[in-house]
Structure formats: C-alpha cells, structure tokens
1. Report the percentage of all Cα-Cα pairs in the range 170-244 whose separation exceeds 20 Å, rounded to a whole percent.
2. How would you rank 60-72, 197-209, highest first, on the average number of other Cβ atoms within 10 Å across their residues?
3. Once R0 is set to 35 Å, what does the formula 1/(1 + (r/R0)^6) return for the Cβ-Cβ distance between LYS22 and LYS161, expressed as a FRET efficiency to the nearest 0.05?
4. Kirkwood hydrodynamic radius, the range 14-55, all distinct C-alpha pairs: what's the number in Å?
5. Over the Cα atoms of the range 91-196, how large are the radius of gyration and the largest Cα-Cα distance (Dmax), in Å?
6. Tell me the Kirkwood radius of the range 8-165: reciprocal of the mean inverse pair distance over distinct alpha-carbon atoms, in Å.
7. What is the Cα centroid distance between the range 44-89 and the range 155-174, reported in whole angstrom?
8. Put a dot 7 Å past each Cα toward the Cβ at THR30 and GLU142; how far apart are the dots in nm?
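Readers should treat all values here as calculations from the given coordinates under stated rules, not as data from a laboratory. Fair warning: this is a prediction, and the values are worked out from it, not measured in the lab. When we count neighbours, we look across all protein chains shown, and the Cβ atoms used for this are built from the backbone with ideal geometry, even at glycine.
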Amino acid sequence: MNKQLLDHFYDREIECPICKMKFTTKKVRTSAIRVIKRDEDFCPYYKSENPLFYNVFVCPNCGYAALESTFSKINELEKEKIVKFITSRWKQRSYGKERNLEEAIQVYKLALICYQVSKSKYINIGKVCLRLAWFYRYMNDEREKEFLKFTIDAFQNAYTKERLDKEEYNEVVILYLLGELNRRVGNYKEAIKWFDKALSNPDIKKKRHIEIRAREQWRLAREEYNNKKNLQIERSNENDFSKH
C-alpha cells in the first residue's frame, strides 16, 4: 500500500467491554472522506476509502462485534449471551487491518448476529441491515432487496416499540426511510403511507432536507403505484379478452 493511501487511515485502540482485551482497529481520517453522491435512502458513494467499512469494531479475542456507537454500551445480561453464543464458537481472527467490501460485509454480519443473540434494540439491527443492503448495492447483488426488507421490519419495530428521540435516526428519519425502503422493494402503497406519516410529523419542519426529499419520493411512489395499478388492469382486461 502506498504512503498516500496509508495516510488515509489511523489506528484506534479499543478495549473490549466483554473480555477486556485491548486491540487496534483502522479508522478513516475525516480529511480523507470524499462523498461523491448519496441515494435517496442516504446510501453514500465515496471517491476513495469508505469509512462505513470501519464502523463496526470486532474483538479478535472473544468475537464480540458491534457498531462503534454501541460497542461499549452493553449490559451484564447481554455480555452473558455474547459469551455463551458467540465466544464459545469463536475462532480467533483479526479485522484490524484495511477492509475490502467482502470483509466489511463479514464484520457487519458478525455485528448483526451479536445484536440478535443479545436482544439489542431494533434500531441497531436496522442500521446494520441497511448498511448491508448498501454494500450489496455496490456489488449490484440481488441480496440488497433481502436486506432492505430486513431493515423495514427492524425499523417498523423500532418505531412502534422504542424511543427514538435521542437516536441518530430519529422518528422523522425512520418514517422517511420506511417510505423510501418500501418504495425500493416495490411496496408502493406502504411507501405512500409512511411518507404521509413523515410529512405529517411536526418535527419534519426542523429537517427541511428530509421534508423536500419526502415530498419528491412521495410523488414518485404515487406515480409508481398508479403505473403498477394500470398495468394490472391492462393484464386483467387481456385475460378477460383471451377467454372469449
């Protein structure tokens, strides 16, 4: 790896909250992050290094993996579940070097398993599933839709069962994403419902960029829904005609 590329990274020392082992993991310097564009569900595209690849920390000793924002926020009951279901089966390996797309998918799947066995918040499960969907999108892989559906399920549970006011993905963002993700998997009627909920939420006025996107994507979902309905009517008419 050339020096210029090495300068994009720095080493961060972490202490595992479960086994107390100290390990280092790579992070991308803020100065090296260049966003080219974002999709309507906020999926980012970067000019060089993708910082999302490094947002999951993995303990090489016990196998505990989680998003950086929640890695140290784990209670005793959750620790016991990780030790019982993850550490007991873990073969020691490190993800502390530079990561490619396949390795990023591996560490996010490790985090997803840890969140599932420790009964973590739905919002955390949803964030991991959404990023996995993005990673598969980078590859033009059909598994993107599978993980978008997992995200929808997790975010719906988060919306109905969890407090989101202190989350990075607050209620307005979740409502908008439920609209956009449903639209992307072809659930246009559901998409319209969630966009309506987002636009009628009073807090959306504090997030002008979300309001603009929600209105644009609501119109698009409406158009796609009408097109789908018209196509179904045409096919029904053709079937009726062929019977005579």
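1. 38
2. Per-residue mean Cβ counts within 10 Å order the peptides as 60-72, 197-209.
3. On the way: r = 35 Å, r/R0 = 1.01.
The pair LYS22/LYS161 has a calculated efficiency of 0.50.
4. 12.3
5. Every Cα atom of the range 91-196 included, Rg and Dmax give 14.6, 48 Å.
6. Answer for the range 8-165: a Kirkwood hydrodynamic radius of 16.3 Å.
7. So the separation of the two Cα centres works out to 21 Å.
8. Those two pseudo-labels are separated by 4.3 nm.
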